[in-house]
Each structure stands twice: as C-alpha cells, then as structure tokens.
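Heads up: the structure comes next, in structure tokens.
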Amino acid sequence: MKKLNWRTPAVRSGAATLVAWCLGVLASAAFAGGPQAPGFYRQKLGDIVVIALSDGTHPFPIDTVFRDISKDEIRRDLDRAFLEPPVQGSINAFLVDTGPKRILVDAGAGTLYGDCCGKLVDNLRAAGYAPEQIDEVLLTHLHKDHVGGVASHGDMTFPNAVVRVNEIDARYWLDPDNKAHAPAFLASFFDAATASLAPYIAAGRFSTFRGDATLAPGIRAVPMPGHTPGHTAYLIERGDAGLLAWGDVVHVAAIQLPDPDATVQYDSDAAAASRTRRDTLEYVADKRYLVGAAHIAFPGLGHVRGDGARYDWVPVNYDATPVR
C-alpha cells in the first residue's frame, strides 16, 4: 500500500474536509434535540422600542374549549391554516422601552404551566435586560398565563416594579366569594392571581386603575371586557405610529379571525368577548395599527387585514437590522 504524504495539497485538503464533516456531524447531533433560539424580537415604534418576549408555547385544547362554532368549522379553519389540534399556543409578553422607563405588558405563566413555559425571564436577559430594571408591569387581566410570571416561589420576579391592573379585574379575581361561585375549572385561576400578586401587595407595589386611564406618556389603557370582567388592552402611540397590546382578544388566529364570534369557555361573558373582538379587529384594521398579541405565534407582532366580515393576520416582516 502506498504511503500517504501529508504534505501534499490534495491529502491536506481531504483531511480538512473530513475533520469539518466530523465536526458538522457532532454539532448536528448536539443540537438535534435542543431548544429553539432565544425568544425575543425588537420592533421600532416611533422613537421607542417594543420587544416581544416569549414565555413558551403550550398545547391549546381546541376541541374542548371553543364555543359558538361547530367542529366542522373548526376543522375547516385549521385545515386552511395547515394546522391540526392540539395547536401549540404562544404565550407572549411585550417590553416597552421608552428610555426613561421599561414597562412590561403581561408576564407569562411563570411556573404555573409546567416545563413548557416560564421562559420569559431568560428571554428578557437574552434581550439585554435584568428583571430588576423593569419599572412597571401592566397586566391585561389576571388569568394565570398572564400574571403567573410576576412571582416565583412567593418572591417578586420584578422587585423594583409596580404591578398594575384594571380595578374591576382585581376586584373579581382577588375576592374569595367570587371563586366560590365561579365554575370549578376556574378555581386555580383565582388561586394563581392571589398568590402571584401577594408579594407585591405586601410590598406596596400593586396598584389598580379605572377605565381608559393614561398610565405613562403615550400609553393608555383601553377597556376590552368579556374575556374577563376587567380585561384591558394597552395602546402605545408615538407620533403617527401605534401598537395595541390586546391581551386575549384572540386565542387562536386561525379560528377567531375568520370567525370572530367563536368564543372560549374561559370567557367570563362570551357575548361581550365576541363584541369586543369584532370591534377591536375593525379598529386595528382601519387604523393600520401594529398589534401585540399574547397568543398568536411568536413574536405575536403583526397587522390585521379586513376582508368583509372576516380578517387575516399579517405578521411583521422579519428585520435583522439592529434596533436601537
């Protein structure tokens, strides 16, 4: 057998190729079962930055929770969107960095949904922020996939923040008498709201507001009742640009945009939730405002396009340009 001369260009090239291939195989094996990339996305809005943060995804039990729509219509809508149940539902929050203040809209589920979620703080750090830098947390409502992330094991996740929510929602979810009269499947929601907010209440860092209050320059609460009694969106306006962080106006875009009257069993008042959804979809489509959606596929940033009585979701065009 002829002895190889490692000094020849051909042999050196072949060896380099083999090493590169081996490293590629090892890298592929290492990442084959790994997590997705960090879940944050920066979006410029006028002179400020809004950062979408993922808390994770969880399987949404479409077959059991939807109301006011037939199973055939659900199958049709999902098929049109190349989906089948259970659909992975995103849990998104939005950090508004105005410069002087850092305001978080919703906080995800924290530990309350198990291993699927609770990734918000890691993604916040990956985006360049520490939990201690958050000045305020504005909650759209007190369901556990929005309030659960404000605390962990009884401690404040955002120790320097004031947590704010519509007073109607606070009154409802923090009252034990309401828990006693609510459907049994909502019992854990009352418990989660009480436990999550307890350290902030004890520290004097919990506050409520009424109606369409202005909460910061260019940030206004917009009452959107139905999903919960005090469900609230937050309208962020900078010059001609606007973003509506609408909480749970839509749970599954593939179903509730073509069929806005479809409701979910978690709605406190299904008829009001349906009216709110129709009014909101018409409003953002007409104004061409950006939407920050808590449960539309991450990053949950996009526009709503009207088509008669139906609507479509148009996600933001991905932009890798650094945002400052």
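What follows is calculated from the coordinates using simple rules that are stated; it is not laboratory data. In this text the structure is predicted, and so the values were computed from the model without any measurement. Methodologically, a virtual Cβ is constructed for each residue, glycine included, from the backbone with ideal geometry; neighbour enumeration extends over all protein chains shown.
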Can you report the principal axis dimensions of segment 134-288 using only the alpha carbons, biggest first, rounded to whole angstrom? 43, 41, 25
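Kirkwood-based Rg over Rh for the chain (C-alpha set), two decimals? Before the final figure, lay out the partial values.
Working: Rg = 22.9 Å, Rh = 21.1 Å.
Using only Cα positions, Rg/Rh for the chain is 1.08.
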Hey, what angle do you get for helix 9-31 against the long axis of the chain, alpha-carbon based, 0 to 90 degrees rounded to 10? 20
Expressed as a rounded percentage, what relative contact order does segment 39-315 have, with Cα pairs under 8 Å and six or more residues apart? 18
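To make sure I understand, if each residue's beta carbon is the centre and we count other beta carbons within 10 Å, what order do 84, 136, 167 fall in, fewest to most? All intermediate terms of the calculation are to be shown ahead of the outcome.
On the way: 84 10, 136 21, 167 15.
Final ranking by Cβ density, sparse to dense: 84, 167, 136.
Can you put 144, 101, 119 in order of Cβ neighbours within 10 angstrom, beginning with the fewest? Intermediate results must be reported in sequence, preceding the final value.
Working: 144 21, 101 15, 119 24.
Ascending Cβ contact count within 10 Å gives the list 101, 144, 119.
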Could you check the simple spin-label distance between residue 44 and residue 186, using points 7 Å along Cα→Cβ, in nm with one decimal? 4.4
What nm distance separates the two modelled labels at residue 269 and residue 216, each placed 7 Å from Cα along Cα→Cβ? 3.0
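Would you compute, from DSSP H runs of 4+ residues alone, the mean residue ellipticity of the chain at 222 nm, taking -39500 (n - 2.57) per run and dividing by the full residue count, rounded to the nearest 500? Please list the in-between numbers first.
On the way: 10 runs with 99 residues, N = 324.
Rounded to the nearest 500, the figure is -9000 deg cm²/dmol.
Determine the dipole magnitude for the chain: charges of +1 sit on the beta-carbon of Lys and Arg, -1 on that of Asp and Glu, nothing else is charged, the reference point is the Cα centre, and the result goes in debye to the nearest 20.
On the way: 31 positive and 37 negative charges, 339 e Å.
The calculation lands at about 1620 debye.
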Quick one: angle between helix 187-202 and the longest Cα principal axis of the chain, in degrees between 0 and 90, rounded to 10, please. 90
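Give me 263, 208 sorted ascending by neighbouring Cβ count inside 10 Å, so fewest comes first.
208, 263
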Using 0.36 nm per residue, how much length does the chain from residue 282 to residue 70 gain when fully extended, once their Cα-Cα distance is taken away? 73.9 nm
Radius of gyration and Dmax for segment 120-170's Cα atoms, expressed in Å? 11.3, 35
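What's the whole-number percent of alpha carbon pairs in segment 236-324 lying beyond 22 angstrom? Walk me through the numbers on the way to the answer.
Numbers: 979 of 3916 pairs.
When all Cα pairs of segment 236-324 are counted, 25 percent exceed 22 Å.
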For labels at residue 310 and residue 111 in the simple 7 Å Cα→Cβ model, what's the distance in nm? 4.5
On a 0 to 90° scale, report how tilted helix 71-80 is relative to the longest principal axis of the chain, with both axes built from alpha carbons and the result rounded to the nearest 10. 40
